[in-house]
């Protein structure tokens with residue numbers, strides 16, 4: 001049986017280095033800085049702490065906590081880097097969302113397991129001037145705690161020989177009207193070298209907790 005989800009997953013999951021080109025970088029800049037960026041700046045006051053840590057030639061993966069649908073766009077805006085986010089396949093099923101994801105450098109990923117195509121695309125991203133970005137929690141979590149962290153992002157770090165750059169995002173209120181600007185604080189931590197999976201996950205969780213104030217209780 002024909003499946004749009006399977007087709008989109010295949011088409012937008014395994015991408016060559018040339019996919020992450022300067023034309024996509026131009027679209028990324030226009031969307032984030034001009035169009036969507038203007039709207040976000042109307043709604044929120046954004047503070048970025050530790051941004052200078054992202055200005056390094058050493059390969060790294062941006063790994064952030066996930067609270068809101070705005071997170072990928074805000075982190076991308078605030079970082080000053082070209083970030084290729086891993087995105088769930090469902091975001092590629094409708095025309096506008098597919099176009100936005102594709103031309104802003106995102107690629108499709110199966111959230112239930114780490115596939116070879118995902119690893120190959122992650123490696124290809126690191127061959128370009130783009131940086132890989134991921135939400136280790138997999139989906140939004142506004143519980144106030146750090147829960148359900150996927151082990152796959154450590155495997156990606158090992159496969160790409162990249163450090164893990166912990167980035168926290170916190171809101172005074174995600175539902176801003178713009179008439180009273182809510183504040184978003186983004187903090188960039190020190191890079192975490194990949195190592196034993198549970199130990200690396202624990203270090204990431206502790207870093208995010210320390211920067212954001214989210215509760216974390218090691219298992």
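Read the figures in this text as sums done on the coordinates, not as results from a lab. None of the values given here were measured: they were computed from a predicted structure. Because the Cβ atoms are built from the backbone with ideal geometry, glycine has one as well, and the counts that use them run over all protein chains shown.
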Within the range 123-152, restricting to residues that are without any contact (Cβ under 8 Å) to a residue 60 or more places away in the chain and in a helix (DSSP H, G or I), the one that is nearest to residue 104 (Cα to Cα) is 123
Just one listed residue, out of 169, 119, is surrounded by 19 or more Cβ atoms within 10 Å (Cβ to Cβ) and outside any loop (DSSP other than H, G, I, E, B), and it is 169
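Just the residues that are at negative phi, in a loop (DSSP other than H, G, I, E, B) and in contact with a strand residue (DSSP E or B) (Cβ under 7 Å, 6 or more places away or on another chain), please, taken from the range 96-116.
The initial filter retains those residues of the range 96-116 that are at negative phi, namely 96-104, 106-116.
Next cut, in a loop (DSSP other than H, G, I, E, B) only: 104, 106, 110-115.
Passing the criteria: 106, 111.
Of all residues in the range 57-72 being farther than 25 Å from residue 214 by Cβ and in contact with a strand residue (DSSP E or B) (Cβ under 9 Å, 6 or more places away or on another chain), which is surrounded by the most Cβ atoms within 10 Å (Cβ to Cβ)? Spell out how you get there, then give the answer.
Initially, the range 57-72 is screened for residues farther than 25 Å from residue 214 by Cβ, giving 57-59.
When the remaining residues are screened for being in contact with a strand residue (DSSP E or B) (Cβ under 9 Å, 6 or more places away or on another chain), the result is 58-59.
Values: 58: 9, 59: 15.
The extreme case among them is 59.
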When restricted to 182, 196, the only residue over 19 Å from residue 79 (Cβ atoms), surrounded by fewer than 20 Cβ atoms within 10 Å (Cβ to Cβ) and in contact (Cβ under 8 Å) with a residue 12 or more places away in the chain is 182
Q.
Among the residues of the range 73-95, are any more than 22 Å from residue 25 (Cα to Cα) and touching a strand residue (DSSP E or B) at 6+ places or on another chain (Cβ under 6 Å)?
A. no
